[in-house]
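Notes follow the structure.
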Amino acid sequence: MKPLLEMKDIVIEGCTGESWDPIIKGLNLTLTKGEVLGLIGESGAGKSTLGLASMAYTRQGCRIASGSIVFDGQELFGAPEPEVRAIRGARIAYVAQSAAASFNPAHRLIRQYTEGPVQHGLMSTAEAEKKAVATYEQLLLPDPENIGYRFPHQVSGGQLQRAMVAMAMSCQPDIIIFDEPTTALDVTTQIEVLAAIKEITRRFNTAAIYITHDLAVVAQLADRIMVLRYGELVEENNAREMLENPRETYTRDLLAVRSFQKRKNLKAPDDVVLKIESVTAGYTGDDNVLESIDLEIRRGRTVALVGESGSGKSTLARVITGLLPPNQGRVIFKGKQLPAALKARKRKDLQRLQMIYQMPDTALNPRQKIRKIIGRPLKFYFNQNRKQQQRRILELLEQVELPAEYIDRYPTELSGGEKQRICIARALAAEPDLIICDEVTSALDQLVAEGILKLLLSLQRKLLVSYLFITHDLATVKAISDEIVVMLQGRIVEKGPKQKVLKPPHHAYTDRLLSSVPEMDPDWLDTLLQERAGRARGADIHPSVA
Amino acid sequence: MTAAFKLLRSAPFSARLGTGMVLITLLAALLTPVIAPYGETEVVGDVWLEAGRQHLVGTDNLGRDMFSRLLYGARNTIAIAFAITALSFVVGVMWGFLAAVVGGWMDQLLSRCVDILMAFPTLIFALMVLSVVGTSIPALVVVIALLDSTRVFRLSRAVAMDIEVLEFVEAARLRGEGLWWLMRHEVLPNAMPPLVAEFGLRFCFVFLFIAALSFLGLGIQPPMADWGSMVRENAGAITFGIYTPLWPAAAIAFLTVGVNLIVDWFLHLASGLED
Amino acid sequence: MMQLHKPNSIAALVVKRIGLGVVTLLVISLLIFAGVEALPGDLAQAVLGHSATPETVAAFRKELKLDLPAHERYVAWLGAFVKGDFGNSLANRRPVAELIGWRFANTIFLAAATALIAVPVAVVLGILAALYRNTLFDRLISMATLSTISFPEFFVAYILIALLSVQMAVFPSIANVNAQMNLWQKFYAIFLPCLTLALVVIAHMMRQTRAAIINILSSPFIEMANLKGLRRLRVVVQHAFPNALSPVINVIALNLAYLVVGVVIVEVVFVYPGLGQLLVDSVSKRDIPVVQASGLIFAATYVLLNLLADVLSIVSNPRLRNPR
């Protein structure tokens, strides 16, 4: 069969100050009609750049240096502007990562839908509007007749992302480029968007390039997968074959992510480090973000606090650290009640309770050297002199598996994973009993994140420190926790030892959350959707509750 | 030092031109007693003499050597403008950081005060205040610096707010650090690039502002040489086709263009580094 | 069908902003009043000189109402001001309103004529520079505007005088207008001050417009519009423009406010019979009632234009206009 899209020897360069450096180093890509191709890779692999290049488009500061892009027998690279424009939107459409930023805030959704087909001369406005409603209905958007007349900021994130998929379908293109369309969404919302994408590509036999860093997600949709790294191809294969039988080590590593499990630490004593008693808290007077939270963390254990955005899990961290004094309830640390406000707490209490953040880039002061970053807690809490500090910093660097010469570097000279290790070292410098880990791996590439998790576990075994691990990622939870606390809308819906929470019967929400996490099995999404549809029919509820 | 030199060599032509212009002016101001052929207020000849060998750019309305007065004017005006800018930065940055880091009522109070002060056109305000307190140099410095510090306050508050929400500041807070450490060690070093650029812009603004006040006869008072008042004193010449007043005006433009060229490049550099 | 407007949010914002404007004006009037109170020595004595008899000083004090307590005088002064009674000039004893009225009209005439030229030119140039950024055209314009904003207004003014008035003798260097002139004669008379102001304001406004447009053009929704295969003109007009409206309106209003103040210096250079000229003269003569009145009028204009800028940018913001 003749390929629909054929890209050959594509070289794309990015401008770094003075010189042009290659981002994509001579890649080939083919796509036949109706085929879904997954582009997989970590940040910096060049997958988005390659995806956009299929429309002969590059972002500012990039350029296609050489190669050929043949779409349906027509060369796009170097083609005159009107020819390329006639293809874009009409025959190759694009779905961006952030729907909120990619919809024009000044226009209603339906106007942005109809614009493409009307401008490409495919339909009249009235026809396009009728088709918009039909597409919204197919994608199970609530109130499809009227949702188009809303402005983008009046619609929720998951719905907006589906509205963008609908918009991409407006001209019935031959190819759609999906650029990480679910990365910014919660797992339960992600399912809806994935289902929408699958439905639409299947029904209209549309070819697609699906760009993501998440193998499990792409496994649900792709017929074929290309693994990219540093702008080069690592491996390309049929999706099922690749998942069953990866050839390259890099692919194997990606597949094996989070398959490790924490071993139970039998030596750990049982005393309670942190106890939270019926805490109720909120930012404004009457609206409580947290409702009567009770929680216990014992020494040397990891408690995973799971929930989607808006569940109040980060707010709970703010209450524990004293940044947000609760309206009611107590925080008891090592048997002693802590004052509610940060200012009233003693230095010794602060020292015993440390925190690690999601973004290592912003958690370290870029204008301080590592020596100052780790040395400051040593000086501040233990009043160590320079020589003592130097010795201890080197010790800590060794513990987090970083070379000693990093002591005189700035954070900007380190990679993301290395920065997160510095954050861990800074927390350890205070010799804490409890470390609050707030989404510490979600900003990192998967393999790097894996390294951080393993480091945290080995440190826990050595130092008997406790972790309160806040995360939305259930794979991480399964890997590292002893106990799990599930939060929804400011309340704890379920808590207990890991084995108990992960095994049915669950609370309804826990069930939804757990079942929404994509698995490497390519049939997982279909099976799940069938199951859910069956259950909904059984309960006589329409499945389109968004 | 070598790093600065290297940076300058990679700079575009406009930035290098600007640096040259500023350096020439500064050098002239520093070396005034050496270069100036005549004294600041010395009457050396006839009124509004043509430019020539004796007087490089002619003489002024009282027969003083214009070139010497330009040099002394550079000294006086730059020194005063610099003092004002520095004072306004000390005041503005201090309060701006305080508003951002302490937040709450402190921020509300300071911001509302500044809102009201900024709702007032600066030139009109300065004119009215100076009409009351008189036009001595200390009064000039304090009044303009206070007026100008409102803009510095706005910027440093905004910059500090952006930094304050970053986790490393929260980490320092949770460690138990005091206000001074937060402002001095966490916020200030990261606020430097926009503040340095703003210093350049504010300096230009203050410089032009004093020039304007002096031109209106309400700034630096004669017989002290100052570029703005030199334009005013010689303004009458222009209708006779004598271009003496253009010299000090051009000198003002020369320095401010130079500073602006550097600032423009610096801003471009700072914005480029972010992404 | 579509969600109903919740009137409270946008109206509340506007009302709040207007309230702030009123408070600002009150505080300014208070400051102006207090500033005069802070004058060293007795005003009446200072004005009449040492030769005045105690009786005349007392009578004068009574005329200025200096014998009343400060807060009563403030209320009386403000009340009279609102009614258009600004008191009498100390220098020539004529009513301030009479001195100010026609001069303020002249100032507004000059500012309005300038705005009429400057606003369209600046906005069009700003948009063009943003669309063709980093081209030779953009670089030339940005160099030129950077230089212009670095020039003191009087430098621009004197260069124009030297060129157009002294060398070529086509326009008068003294901009004298009076009631007998017809509109064209007036325009001719104010050509040079108008051009001076326009050059300076265009430079400022153009740079800010360019920055605002570039900011919009780099948003993801513009990339999306391009990837939908829309024509460049459509992307700019339909997608960039509605979102750029709010920042550009803001830029225009702020520069109009600047214009009213910048007028002071230009009036002095061209000896234009406007309010700025009067203010500067009165400051050097210490004619306090005139300074108070003209200062307050300038401040009020400035505050109103700033207020207008904020209100318009609230109203033209699509997110605020269509609340959730």
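The values are calculated or read from the model by the stated rules, or taken from the named source; none is laboratory data. Keep in mind that this is a model prediction, so the values were computed, not measured. Note that each Cβ is placed from the backbone with ideal geometry, even for glycine, and that neighbours are counted across all protein chains shown. For accessibility, only protein heavy atoms count, side chains too; no ligands or nucleic acids. Shrake-Rupley method; radii C 1.70, N 1.55, O 1.52, S 1.80 Å.
Taken over the stretch A:124-134, the criterion of being surrounded by 15 or more Cβ atoms within 10 Å (Cβ to Cβ) and either among the aromatic types (F, W, Y) or without any contact (Cβ under 8 Å) to a residue 40 or more places away in the chain (or both) is satisfied by A:E129, A:K131, A:A132, A:V133.
Suppose the filter is part of a strand (DSSP E or B), surrounded by fewer than 17 Cβ atoms within 10 Å (Cβ to Cβ), of a type in the set (D, E) and in contact (Cβ under 8 Å) with a residue 60 or more places away in the chain; does A:E291 pass it? Yes. It is to be established whether one or more residues within the stretch C:175-187 are open to solvent by 70 Å² or more (accessible area, probe 1.4 Å), over 18 Å from B:I238 (Cβ atoms) and in contact with a helix residue (DSSP H, G or I) (Cβ under 6 Å, 6 or more places away or on another chain). Looking for residues that are open to solvent by 70 Å² or more (accessible area, probe 1.4 Å), over 18 Å from B:I238 (Cβ atoms) and in contact with a helix residue (DSSP H, G or I) (Cβ under 6 Å, 6 or more places away or on another chain), one finds none in the stretch C:175-187, hence no. When A:V486 is tested against (1) touching a Phe, Trp or Tyr at 6+ places or on another chain (Cβ under 8 Å); (2) open to solvent by 20 Å² or more (accessible area, probe 1.4 Å); (3) of a type in the set (A, V, I, L, M, F, W, C), exactly one condition is not met: (2). The number of residues in the stretch B:15-41 being closer than 28 Å to C:L146 by Cβ and among the charged types (D, E, K, R) comes to 1.
In this structure, B:I252 qualifies as in contact with a Phe, Trp or Tyr (Cβ under 6 Å, 6 or more places away or on another chain) and open to solvent by less than 40 Å² (accessible area, probe 1.4 Å). If you take the residues of the stretch A:1-50 that are of a type in the set (S, T, Y) and modelled with pLDDT under 90, which of them is least open to solvent (accessible area, probe 1.4 Å)? Looking at residues that are of a type in the set (S, T, Y) and modelled with pLDDT under 90, I get A:S19. Among the candidates B:V141, B:V152, B:V206, B:V231, the residue that is in contact with a Lys or Arg (Cβ under 8 Å, 6 or more places away or on another chain), away from chain A (no Cβ under 14 Å) and among the β-branched types (V, I, T) is uniquely B:V152.
In the set B:L255, B:L174, only one residue is touching a residue at least 12 places away in the same chain (Cβ under 8 Å) and of a type outside the set (D, E); that residue is B:L255. Taken as a whole, the structure leaves B:M230 outside the set of residues that are closer than 24 Å to B:A4 by Cβ and either surrounded by fewer than 20 Cβ atoms within 10 Å (Cβ to Cβ) or not acidic (D, E) (or both). Every condition in (1) under 22 Å from the mean Cα position of the chain (by Cα); (2) open to solvent by 20 Å² or more (accessible area, probe 1.4 Å); (3) away from every other protein chain (no Cβ under 13 Å) is met by B:Q221 except one, and the failing one is (3).
Applying the criterion of being in contact (Cβ under 8 Å) with a residue 24 or more places away in the chain and farther than 15 Å from B:S156 by Cβ to the residues of the stretch B:104-123, the residue that is nearest to the other protein chains (Cβ to nearest Cβ) is B:L123. Would you call C:L320 under 16 Å from C:I18 (Cβ atoms) and more than 12 Å from the chain's Cα centre (by Cα)? Spelling it out, C:L320 is indeed under 16 Å from C:I18 (Cβ atoms) and more than 12 Å from the chain's Cα centre (by Cα).
Please list, ordered by residue number, the helices (runs of 4 or more DSSP H) wholly in the stretch C:191-303 having 1 or more residues that are away from chain A (no Cβ under 11 Å) and crowded, with 24+ Cβ neighbours inside 10 Å.
C:191-217, C:241-269, C:275-285
Residue-level check: of (1) facing chain A (nearest Cβ under 10 Å); (2) aromatic (F, W, Y); (3) touching a Lys or Arg at 6+ places or on another chain (Cβ under 9 Å), B:F215 misses just (1).
Quick check: is even one residue across the stretch A:41-52 more than 14 Å from chain C (Cβ to nearest Cβ) and in contact with a helix residue (DSSP H, G or I) (Cβ under 8 Å, 6 or more places away or on another chain)? So far as the stretch A:41-52 goes, yes, one or more of its residues are more than 14 Å from chain C (Cβ to nearest Cβ) and in contact with a helix residue (DSSP H, G or I) (Cβ under 8 Å, 6 or more places away or on another chain). Any residue at all in the stretch A:113-123 that's open to solvent by less than 30 Å² (accessible area, probe 1.4 Å) and farther than 20 Å from C:V237 by Cβ? No: the stretch A:113-123 contains no residue that is open to solvent by less than 30 Å² (accessible area, probe 1.4 Å) and farther than 20 Å from C:V237 by Cβ.
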